[in-house]
Every structure is written in C-alpha cells, then in structure tokens.
Amino acid sequence: MRVMVIVKASPESEAGAPASTEMLEAMGRYNEELVRAGVMLAGEGLHPSTKGKRVRFSGSQRTVVDGPFTETKELIAGFWLWQVRSMDEAVEWARRCPNPMPGESELELRPVFEADDFGPELTPELRAQEERLRAQAADR
C-alpha cells in the first residue's frame, strides 16, 4: 500500500526558518534508510504558506487566495510518499523519523487511494485512462 506522510508545519517553518545542518544530515540518513528499504517513492519539503496560493471552488466559481494561511498546525511543511506492506509498517517508519521541526511537531499518515478502492465506479475505460496517464507522467 502507498501512504502519504504529511509533515505538519510549525511557527518556525511558517516563518521560513532554514533547517539546521544537523537536521538536514539526520533527514538525509533517514531518507537513505527509506530508499534502501524500498519504502520511499517521493518526498519534498514545502516553502511557507506565504509563498502559496489556494484555489477555492463554489459551484462554477473559482477564487484564488494568496498566502499566508492561518491555523499553522493545519498547514503542511513537507511530505513523503511511501510504499509499505501495512499502516503498521508506516507507523514503525514514522516513529524512526528524526523530529522534523525544532520543538514539537507532528506527522500525519494517510493511505493513498488505489484503483481497486473505487470499485465498479472506476470502469475499465477509466482504469485504462488512469494507467495511461500514470505511464505518461512517469516518462517525464
């Protein structure tokens, strides 16, 4: 199963405080373990929400809102995408993660929808389209 691991933002990350060399070294070692174990599919850190935008939908209307966004604890500072056997395995890996922020921080683990999760609503034609688009994206 694939799991998205969401690194919650902190006041420091939203202020744009750079990570220390020690933190970058610890994360580098951790990411090497994830890659060697075949767990890590992707992972990135995100700029503070001051550099972000949101697009809100209301029926056919679209509204673009510039950051910063409030509720820091609900913002995302980074993510990993992992391939694991189970949520328990994902939790084990998450427990081994260096604290990604100075002070308190939090990771949120969420299973990623797989094609079979959509049942018969994902018709063979839609499944073929999805597979074709994934292959095209992988070739880029």
* For region 62-78, does any single residue satisfy the condition of being open to solvent by 90 Å² or more (accessible area, probe 1.4 Å), outside any strand (DSSP E or B) and at pLDDT 95 or above? -> no
* To do: Say whether the condition of being within 30 Å of Ala15 (Cα to Cα), at pLDDT 95 or above and not small (Gly, Ala, Ser) is met by at least one residue in region 121-136.
  => no
* What about Ala19, is it in a loop (DSSP other than H, G, I, E, B) and more than 30 Å from Arg132 (Cβ to Cβ)? -> yes
* Among (1) within 18 Å of Ala94 (Cβ to Cβ); (2) surrounded by 15 or more Cβ atoms within 10 Å (Cβ to Cβ), which single condition is Gly45 missing? -> (2)
* free of Cβ contacts under 8 Å to residues at least 12 places away in the same chain, exposed (fewer than 10 other Cβ atoms within 10 Å of the Cβ) and under 18 Å from the mean Cα position of the chain (by Cα) - does that describe any residue in region 89-104? -> yes
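The values are calculated or read from the model by the stated rules, or taken from the named source; none is laboratory data. The structure presented is a predicted model; accordingly, all values stated were derived computationally and were not measured. Virtual Cβ from ideal backbone geometry, glycine too; neighbours counted across all protein chains shown. Side chains are part of the model used for accessible areas, which takes the heavy atoms of the whole protein and leaves out ligands, DNA and RNA. Shrake-Rupley method; radii C 1.70, N 1.55, O 1.52, S 1.80 Å.
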